[in-house]
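First comes the structure, then the notes that go with it.
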Amino acid sequence: MPKFLIIRLSSIGDIVLTSPVIRCLKKQVPNTEIHFLTRNTFKSVVEHNPYIDKLWTTDGSLNDVIPQLKKEGFTEIIDLHHNIRTYQIKRALGLSSTAFAKLNIEKWLLVNLKINRMPSLHIVDRYLSTVKHLKVINDGQGLDYFISDAEKITIDTLPSTHQNGFIACMIGAKHATKIMPTKKFIAVLKTLSIPIVLLGGPEDKERGEIIFSAIGSSVFNACGIYKLNESASLLQQSKLVITHDTGLMHIAAAFKKPIVSLWGNTVPEFGMTPYFPENGNHSIIMEVKNLSCRPCSKIGFNKCPKGHFNCMNKINNEEISIAVKSMIS
């Protein structure tokens with residue numbers, strides 16, 4: 001029986017983007033057993049995935065997990081993280097392995113010299129290339145995301161104003177240069193006639209209150225109220241999702257929700273746009289193209305290095321509103 005260890009230590013979005021590899025490997029290689037290793041912090045992202053036979057987590061030291069992994073007798077390691085820490089695991093286990101190409105040189109060229117050598121290939125397809133030698137192919141079914149019944153939020157627990165349908169709006173991100181200014185959010189959301197649920201962590205709650213105060217009861221500020229999979233449940237029940245380049249964007253894509261995504265310092269050319277099944281794209285990307293300072297980072301900063309934040313400030317509010325209304329209709 002083939003027994004594979006798939007490694008992706010972080011982050012939420014990247015782990016969700018590996019889900020086609022897990023599913024396709026499980027369904028296309030007969031009698032295969034799949035183990036998945038990630039960090040404790042991200043356990044909830046994959047703990048309900050039915051294609052994973054055993055989930056391993058680490059607190060970051062690796063000393064807690066390597067001795068246990070050695071006992072499993074894996075056939076092969078599929079390294080979807082590809083860094084020094086995953087190299088430690090592969091060396092310790094001494095097994096055949098494949099790793100996806102991180103394209104760090106190409107990313108550096110795009111960020112620092114604005115020379116685009118990135119392939120026209122989504123990162124999902126780059127992940128899938130790691131199992132090509134096993135004759136595993138893309139089944140065209142898109143991303144997966146699974147939550148338990150206990151984590152599902154029932155619609156009747158929302159304010160009565162939101163029980164007949166709502167737009168989910170992710171107002172936060174890990175880095176400030178990925179976040180659209182609050183005033184722009186308010187200006188856009190004021191043009192929409194459908195109720196809004198604001199999603200984010202505790203760090204986004206204050207921003208959510210500012211938006212609620214400016215717009216009123218059509219906005220429900222859920223930031224900091226729900227855990228990750230509970231927020232995912234609300235995404236699943238929404239009519240449309242407005243989001244930055246975040247992990248929740250990829251969860252929304254896994255649920256096949258229409259998405260209007262807002263892009264600041266990062267760019268779609270990195271290959272991490274919302275990923276949908278074949279012939280099923282439901283995404284509109286809002287960005288300022290041909291901005292000489294963009295991308296300024298492959299991840300993000302706490303503030304705009306130039307001080308003007310044109311990558312977000314110059315996105316046209318009316319065009320965002322039009323995009324949302326067109327997707328809803």
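Numbers below:
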quantity: Condition check for S213: in the same structural domain as I315 (by TED's automatic domain parsing), under 26 Å from F146 (Cα atoms) and modelled with pLDDT of 95 or more; calculated: no
quantity: Of all residues in segment 167-205 being in contact with a Phe, Trp or Tyr (Cβ under 8 Å, 6 or more places away or on another chain) and farther than 16 Å from V241 by Cβ, the one that is surrounded by the fewest Cβ atoms within 10 Å (Cβ to Cβ); calculated: P181
quantity: Candidates D125, D144, filtered to the one that is part of a loop (DSSP other than H, G, I, E, B) and among the acidic types (D, E); calculated: D144
quantity: Residue among V260, V324 that is outside any loop (DSSP other than H, G, I, E, B), farther than 23 Å from I123 by Cβ, out of contact with any Pro (no Cβ under 6 Å at 6 or more places or on another chain) and β-branched (V, I, T); calculated: V324
quantity: Unmet requirement for C304, which otherwise passes all of (1) assigned to a helix (DSSP H, G or I); (2) more than 20 Å from the chain's Cα centre (by Cα); calculated: (1)
quantity: S231 being surrounded by fewer than 23 Cβ atoms within 10 Å (Cβ to Cβ), of a type in the set (S, T, N, Q), out of contact with any Ser or Thr (no Cβ under 9 Å at 6 or more places or on another chain) and assigned to a helix (DSSP H, G or I); calculated: no
quantity: Contacts under 7 angstrom Cβ, first residue in segment 176-195 being closer than 20 Å to V288 by Cβ, partner among the aromatic types (F, W, Y), 6 or more apart; calculated: A176/F301; T177/F301
quantity: Options E319, E269: the member that is at pLDDT 95 or above and out of contact with any helix residue (DSSP H, G or I) (no Cβ under 7 Å at 6 or more places or on another chain); calculated: E319
quantity: Residues located in segment 60-82, provided they are in contact (Cβ under 8 Å) with a residue 24 or more places away in the chain and either part of a loop (DSSP other than H, G, I, E, B) or within 24 Å of P268 (Cβ to Cβ) (or both); calculated: L62, V65, E72, G73, F74, T75, L80, H81
quantity: Single condition V111 does not satisfy, out of (1) assigned to a strand (DSSP E or B); (2) of a type in the set (A, V, I, L, M, F, W, C); (3) in contact with a Pro (Cβ under 8 Å, 6 or more places away or on another chain); calculated: (1)
quantity: Residue in segment 240-257 that is farther than 18 Å from I15 by Cα and in a helix (DSSP H, G or I) present; calculated: no
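The values are calculated or read from the model by the stated rules, or taken from the named source; none is laboratory data. Bear in mind that the values here come from a model prediction, so they are computed numbers and not experimental data. When we count neighbours, we look across all protein chains shown, and the Cβ atoms used for this are built from the backbone with ideal geometry, even at glycine.
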